[in-house]
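See structure below.
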Amino acid sequence: MRSLRRKEALSFYVTISPWLVGFLAFTAGPVLISLLASFTNWDLLTDPVWVGLDNYRDLATDPLFIQSIKVTLTYTAAYVPLDLAGGLLLALLVRPRLKGMGVFRTIFYLPTVFSGVAFVVVWLWMLNPNGGLINLALGWFGITGPRWLLDPKYALWALVMMSFWGWGRSMALYLGGMQSIPGELYEAAAMDGAGSLRQFFAVTLPLLSPTIFFNLVLSVIATFQSFTSAFVATNGGPLDSTLFLVLYIYRQAFEFFHMGYAAALAWVLFALVLVLTLLLMRSQKFWVFYLGERSE
Amino acid sequence: MKKPFHFLSVAILLSLVLSACAPSASPTPSAAGGTVVIRAGTGDGGDGLTPHQQIIQNFEDKNPNVIVQLEPVSGRDYYARLLTQLSAKAAPDIMQVGDDAVPSFVTKNAFVPLDTYLKNSNFDASIYLPGLLEPGKVNGKQYLLPKDYSPLAVYYNQKLFDAASVPYPLDGWTWDDLLATAQKLTVKDSSGKVTQWGIQLPAAWTTGFEYWVAAAGGSLISRDGKRFAGAMDSPEVARAVQFYADLYGKYQVAPQPADMNAFGGGNSEFANGKAAMMLFGRWPQSGFKKNPNITLGVVAPPKDKVRANVLFWGGFGIATSSKDPDTAFKYLSYVSGEPGAQVWKDWALPAVKSVADSSGLSKDPIEGVWIGELNYLAPRAYTFTPYWNETADPALRKVLESVILDPKADVKVLLAQAAKDAQAALDKLGK
């Protein structure tokens, strides 16, 4: 009996070893090293110099770090609600099982499949102030469009606009969530005299709240990690108006080779995401319903 | 039935794990038959690789026991990759690096000093055109030899000058001449919209802007590389920034940048025949020569207080991690020497004087202008401090972006702030 158990344990470890080895070598190891590196000055080539908390202290007086936090939080505050509402709107639009609806679902979902760089380049063409599609269209209505990515007042909002292409991802999740709502509930609601608007607010929305919560957490984490659009389209400019925290980390690490400082920045990013996610988890009990029950 | 399956899956997994741990097959430095493999890293890509391959081919024909393996990494990740390879002691034997990266690579101990190799091999370092060895030098020691280079010059489209009956700009012209010429060639339609621009400028390109500073007689940093006050905020720098900004804002002879993030502003007006002049390096020249919108002329950049120019430069050096620096130097002296220049001359400006002369490039009405500008080089700002790129460069860029975006911006206030920001950043790093 014991030997069987030992055998089972052994085969368990052998079976998960590819994942375990990969995790230790390529995730846990580097995470630990980055924590250690954040207490050093290290340029990749010469030996790291231990500086204690200096890197973290320098953060407080680094105007670009403060700017990058501002940019990241503004982007999160603008993107997350738009993504939650936009995805839900799309899901409601493509929800009815009509003929050909699959085509629309595919079209709306498609942009999320494209590579980040390719879709940013397409947006660069559309946002070009001279002859780009968007300003051309605005011109038909006699509006002189802004200079978008060239204007520090508009650049971040142009990036928010670009992110509308990601609505398809949350749409797909919402659709899945809607399909798991039992049809009887709608029947019962209809019998009680609830119109479609009432049904939406009394049945769909509460039962969709776990999906909304899931999307919320995912979007917040994703926006804190946003990098590609600014890296390709603006490189943080003009005048640092699109300098995301991750872009700043990249710049410190791989353009200036301040690995220690970059590691400290990365740990601050991690702490921010962790705190925000925990706060969101805590908030669940006020507004998220699991199969008719409030979550604990 | 259950057992063999169990055993098999464990065996497969084990073999997978073990094979992942085995060292990967990497090219060994010395292959069979006494041949030596030299790895050469370059940041060039696409068509730019052809001359490298051509030179390698020629070299291997002459040295049958050496194989040169070209390792191109184009794009912004090239330096990051080199540094990672260096820290893993797996860098290419020969590394190509651009001007402003030289001091930082050398202070990180990435390159072998070449002086003893140059002496022992009797390599004649005086074969180069003036000013081309300096960017490869740090603290008086030679670490890299030149590959290719470009100063700045003003391209002009003779078609647009002829149509407006404006004489072509002449060598020795001034900033005032530039403004007057640009104004004559800026054309507006009846609604006041500009249909043709006087000059296309390289937006917030900070290193290119050093020409304007040098021509105004200014300098962005103190000679000892420690202070920005009295340099970056000096009246000379203010004059350069104001003049540059006015070309965009006050006089409106230059088109606004199309893409602030693209190298040189991403404008296409000159290529489309919609701008009469353009200040830039030699890189797009071959395209302009083939462009049907353009009949190309090239003239030296105008002078202000001083006649000045700045140099953009790429060179090769030997990595400290190289296991066979002697063979690496053999290739280095070939690729950077006269045989290499014979190939480069069809792709870029050749660094070797005899090649530039014998091919007629030195006397060519267009190429001769570029080569002649080597006599007017001002030292680049990065040569005064190894921290230039992460301290003053962002501060200067901010000034340029501000004045281009807002024609009414107060240049003096901006420069004072930039000098302060750059100083704070430098003090933090230099401590």
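From B:309, B:267, which residue is crowded, with 21+ Cβ neighbours inside 10 Å, modelled with pLDDT of 95 or more and either farther than 28 Å from residue B:53 by Cα or assigned by TED's automatic domain parsing to the domain that holds residue B:47 (or both)?
B:309
Only residues that are touching a helix residue (DSSP H, G or I) at 6+ places or on another chain (Cβ under 6 Å) and within 29 Å of residue B:103 (Cα to Cα): list them for the range B:368-379, please. Even if it seems obvious, please write down each step before you answer.
Step one: of the range B:368-379, the residues touching a helix residue (DSSP H, G or I) at 6+ places or on another chain (Cβ under 6 Å) are B:368, B:371, B:378.
Within the range B:368-379, B:371, B:378 meet the criteria.
I want to confirm something. Restricting to the range A:136-156 and keeping residues that are touching a residue at least 12 places away in the same chain (Cβ under 8 Å) and not in a loop (DSSP other than H, G, I, E, B), which single residue is nearest to the other protein chains (Cβ to nearest Cβ)?
First, pick out the residues of the range A:136-156 that are touching a residue at least 12 places away in the same chain (Cβ under 8 Å): A:145-153, A:155-156.
Filter once more, keeping what is not in a loop (DSSP other than H, G, I, E, B): A:148-150, A:155-156.
On the way: A:148: 10, A:149: 7, A:150: 5, A:155: 9, A:156: 14 Å.
It comes out as A:150.
Of the residues A:219, A:209, A:226, which single one is of a type in the set (Ser, Thr, Tyr), away from chain B (no Cβ under 14 Å) and within 30 Å of residue B:204 (Cα to Cα)?
Numbers: A:219 fails: within 30 Å of residue B:204 (Cα to Cα); A:209 fails: within 30 Å of residue B:204 (Cα to Cα).
Result of the check over A:219, A:209, A:226: A:226.
Of all residues being aromatic (Phe, Trp, Tyr) and surrounded by 13 or more Cβ atoms within 10 Å (Cβ to Cβ) in the range A:115-160, which is farthest from the chain's Cα centre (by Cα)? Just the residue, please.
A:148
If we only count helices (runs of 4 or more DSSP H) wholly inside the range A:10-99, which ones have 3 or more residues that are under 30 Å from residue A:239 (Cβ atoms) and away from chain B (no Cβ under 14 Å)? Give the derivation first.
Numbers: elements: A:29-37, A:54-59, A:63-94.
Fully inside the range A:10-99 and qualifying: A:63-94.
What is the residue count in the range A:229-265 for residues that are of a type in the set (A, V, I, L, M), more than 10 Å from chain B (Cβ to nearest Cβ) and under 30 Å from residue A:47 (Cβ atoms)?
Residues of the range A:229-265 of a type in the set (A, V, I, L, M): A:230, A:232-233, A:239, A:243, A:245-247, A:249, A:253, A:259, A:262-265.
Filter once more, keeping what is more than 10 Å from chain B (Cβ to nearest Cβ): A:243, A:245-247, A:249, A:262-265.
Narrowing the set further to residues that are under 30 Å from residue A:47 (Cβ atoms) leaves A:245-247, A:249, A:262-265.
Going through the range A:229-265 one residue at a time, the tally reaches 8.
Just to check your reading of the model, which residue among B:407, B:339 is in a loop (DSSP other than H, G, I, E, B) and away from every other protein chain (no Cβ under 11 Å)?
Values: B:339 fails: in a loop (DSSP other than H, G, I, E, B).
Within the list B:407, B:339, the selection yields B:407.
Would you please list the contacts, defined by Cβ atoms under 6 Å and residues six or more apart or on different chains, that run from a residue in the range B:247-259 that is facing chain A (nearest Cβ under 9 Å) to a residue that is of a type in the set (S, T, N, Q)?
B:255/B:267; B:258/B:267
Go through (1) closer than 29 Å to residue A:213 by Cα; (2) outside any loop (DSSP other than H, G, I, E, B); (3) facing chain B (nearest Cβ under 10 Å) and name the single condition residue A:268 misses.
(3)
Filter the range A:115-135 down to residues that are touching a residue at least 24 places away in the same chain (Cβ under 8 Å) and more than 14 Å from every other protein chain (Cβ to nearest Cβ), then give me how many there are. Reasoning before the result, please.
Within the range A:115-135, the subset touching a residue at least 24 places away in the same chain (Cβ under 8 Å) is A:116-117, A:119-121, A:123-124, A:127.
Pick out the ones that are also more than 14 Å from every other protein chain (Cβ to nearest Cβ) and you get A:116, A:119.
Selection size over the range A:115-135: 2.
The values are calculated or read from the model by the stated rules, or taken from the named source; none is laboratory data. Keep in mind that what you see is a predicted model, and the values were worked out from it rather than measured. Ideal geometry is used to build each Cβ from the backbone, glycine not excepted, and the neighbour counts take in all protein chains shown.
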